[in-house]
Amino acid sequence: MSKSIVIIGKGPSLHRCTKKFIDSFDHVAIVNRPIYEGYEHLISDHADFEFITEITPPAYSEKWKNKLNLQLTLNQITSGFKEYYKQWIHGKYGFDLSINLYPDSGILIFEHFVRNKENKWQGEPLIMEEYDKIGLVGFDLREVGKKGYYFKNDEAFDCVKYLWDNGTYDKDGVFRSDSSGNPQRQVNSSAEYMNDTFKKYSNKEFIIISDYNFEKLDNVKQL
């Protein structure tokens, strides 16, 4: 029986998403606790899998924990998840691993869910489903000169405000630079990886809401 999953990122293209779109998938995965309050009409009010890192915002309130009804919260660091997928992707696509932001958590999580069951890391405490249809929302690849997040600056959690203080984002939330000095390299690596993955899994359907223009392929629908 075919299954579908949508992975919710944090890029500004999320404003083109709808609750109806999210609710059309069997499962929902979220990355580093997106802000739900005030955005339910865009990303709905439930999720199944939550992936967190060392700079993840504080836990959701009891109200939102009850609403979301999460089946699993996975710490990408302590579980070994991030290191496993980071090394695998870096080995082929050349992300700058000296910058802790890269590859983005969304990329790593996409790699997990797109794999067929027999190719997944068996040590992961995840439901080993196979998905024939994968939605990607807010995967905008953090391009220089464009807004980085869907939420307002003053809504950002304290744990990520340093990104404004160190000049990664300007006062308008526009991405300006990173400590690598070559942020375009990261965009190119992400795009190459994703386009290759869409082609590799030509039997799967990908529905994307993104401000980045991916390659036009028969199994990719970009809204």
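Listed by chain and number, the aspartates and glutamates whose alpha-carbon sits under 18 Å from that of Lys161, ignoring those within fewer than 8 places in the same chain, are Glu54, Asp104, Asp170, Asp172, Asp178. Charge dipole of segment 1-91 (Cα centre as origin; +1 on each Lys and Arg Cβ, -1 on each Asp and Glu Cβ, all else neutral): 180 debye, rounded to the nearest 20.
The candidate values were (1) 19.8; (2) 17.8; (3) 19.1; the one computed from these coordinates for Kirkwood radius over Cα pairs in Å carries the label (2).
Nearest 0.05, what FRET efficiency do Lys63 and Asn219 give at R0 = 30 Å with Cβ-Cβ as r?
Working from the Cβ atoms, E equals 0.20.
Rounded to the nearest 20 debye, the dipole size of segment 4-222 about its Cα centre is 260 debye, using +1 on the Cβ of Lys and Arg and -1 on the Cβ of Asp and Glu. What helices in the chain pass both tests, a Cα length along the helix axis of 15 Å or more and a mean Kyte hydropathy of 1.0 or higher, using whole DSSP H runs? Correct list, ordered by number: empty.
Were the residues from Arg16 through Glu130 laid out at 0.36 nm apart, the gain over their Cα-Cα distance would be 38.4 nm. Per residue, the average separation of C-alpha pairs within less than 8 Å and at least 6 apart gives segment 4-222 a relative contact order of 25 percent. For the pair Asn195 and Thr78, the difference between a 0.36 nm per residue extended length and the Cα-Cα distance amounts to 39.2 nm.
For segment 1-33 versus segment 46-82, the spacing of their alpha-carbon centroids is 15 Å. Segment 128-169 has equivalent-ellipsoid semi-axes of 28, 13, 10 Å, by the square roots of 5 times the alpha carbon gyration tensor eigenvalues, sorted largest first.
Every number in this text was worked out from the coordinates using simple rules, so none of it is lab data. As the structure is a prediction and not an experimental result, all values here were calculated from the model. Ideal geometry is used to build each Cβ from the backbone, glycine not excepted, and the neighbour counts take in all protein chains shown.
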